[in-house]
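Just passing along the structure, written as structure tokens.
The values are calculated or read from the model by the stated rules, or taken from the named source; none is laboratory data. Everything quoted here is computed from the prediction, not taken from an experiment. We place every Cβ from the backbone using ideal geometry, glycine too, and count neighbours over all the protein chains shown.
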Amino acid sequence: MSKTQENLAEAFAGESQANRKYLAFAKQADKEGYPQAAKLFRAAAEAETVHAHAHLRAMDGIGTTEENLKAAVSGETFEFKEMYPGMIEAANEEGNKAATRSFSYANEVEQIHAGLYQKALDNLGSSENVDYYVCSVCGNTCENEPPETCPVCGAKKAAFSKVE
């Protein structure tokens with residue numbers, strides 16, 4: 001990999017992380033009653049997304065939808081089979097319950113995501129219209145209707161929001 005490709009990958013990761021961090025900061029500012037700070041965090045988060053997408057395009061990191069679905073299946077599968085198990089083990093050994101819970105939820109949900117991506121790949125081109133709902137506690141993603149109780153974290157149906 002060339003130095004420029006390495007730099008693009010590093011910049012993409014940094015801009016992506018900044019986006020998510022600023023959105024979390026915006027939620028906190030809203031919660032604390034600082035709407036102007038929240039708005040600024042959301043604006044900066046959107047700008048970081050613009051940067052991240054530009055870097056990803058420069059890396060030729062966006063393929064056809066079929067290629068992208070295959071990449072998503074592969075990435076999610078790597079996370080739940082290889083990445084998260086070791087992280088869960090380390091967090092358990094260190095007694096970090098919050099990290100163990102966070103990693104465990106993510107690990108379980110990444111397996112669900114891999115299945116959803118594979119289903120989308122298998123049905124690519126069909127006219128089926130599916131709605132998706134995401135649990136705000138663990139990220140569980142389900143089709144058509146949220147469950148009464150999240151099977152991953154136990155949150156109630158109200159914790160799910162429909163993705164538009």
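Any idea which residue in segment 93-127 is farthest from the chain's Cα centre (by Cα), counting only those that are acidic (Asp, Glu) and closer than 26 Å to Asp60 by Cα? Before the answer, list the steps.
Step one: list which residues in segment 93-127 are acidic (Asp, Glu), which gives 93-94, 108, 110, 122.
Still in the list and also closer than 26 Å to Asp60 by Cα: 110, 122.
Numbers: Glu110: 9, Asp122: 22 Å.
Result: Asp122.
Hey, another quick one. Inspect all residues belonging to segment 120-133 and state whether any of them is touching a Pro at 6+ places or on another chain (Cβ under 9 Å) and modelled with pLDDT of 95 or more.
The initial filter retains those residues of segment 120-133 that are touching a Pro at 6+ places or on another chain (Cβ under 9 Å), namely 133.
Still in the running and modelled with pLDDT of 95 or more: 133.
Yes, segment 120-133 contains at least one residue that is touching a Pro at 6+ places or on another chain (Cβ under 9 Å) and modelled with pLDDT of 95 or more.
Now, a different point. Where in segment 1-94 are there helices (runs of 4 or more DSSP H), lying wholly inside it, with at least 3 residues that are of a type in the set (D, E, K, R), surrounded by 14 or more Cβ atoms within 10 Å (Cβ to Cβ) and not assigned by TED's automatic domain parsing to the domain that holds Gln118? Walk me through how you get there before you give the answer.
Values: elements: 3-31, 35-58, 65-78, 84-94.
Those helices (runs of 4 or more DSSP H) span 3-31.
Let's see how each residue does on (1) among the charged types (D, E, K, R); (2) in contact with a helix residue (DSSP H, G or I) (Cβ under 9 Å, 6 or more places away or on another chain):
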site	(1), (2)
Ser74	no, yes
Lys81	yes, yes
Ala120	no, yes
Thr149	no, yes
Gly154	no, no
Ala158	no, no
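Scan segment 62-75 residue by residue and report those that are within 17 Å of the chain's Cα centre (by Cα) and either more than 22 Å from Gly125 (Cα to Cα) or small (Gly, Ala, Ser) (or both).
Correct list: Ala71, Ala72, Ser74, Gly75.
Restricting the first residue to segment 14-33 and requiring it to be under 13 Å from Ala44 (Cβ atoms), which pairs with a second residue that is at pLDDT 95 or above and of a type in the set (Val, Ile, Thr) meet a Cβ separation below 7 Å and a spacing of at least six or different chains?
Asn19/Thr49
Check whether at least one residue in segment 138-148 is among the hydroxyl-bearing types (Ser, Thr, Tyr) and farther than 21 Å from Ser74 by Cα, and report yes or no.
No, the conditions are met nowhere in segment 138-148.
Give segment 76-92 a look and list any residue that's among the charged types (D, E, K, R), within 18 Å of the chain's Cα centre (by Cα) and farther than 21 Å from Ala9 by Cβ, or say none. It would help to see each step written out before you state the result.
Filtering segment 76-92 down to residues among the charged types (D, E, K, R) leaves 76, 79, 81-82, 89.
Then keep just the ones that are within 18 Å of the chain's Cα centre (by Cα); that gives 76, 79, 81-82.
Within segment 76-92, Lys81 is the sole residue that qualifies.
Shifting gears a bit: Being of a type in the set (D, E, K, R), farther than 29 Å from Lys3 by Cα and modelled with pLDDT under 95 narrows it down to one of Glu164, Glu143, so name that one.
Numbers: Glu143 fails: modelled with pLDDT under 95.
Criteria check complete, one pass: Glu164.
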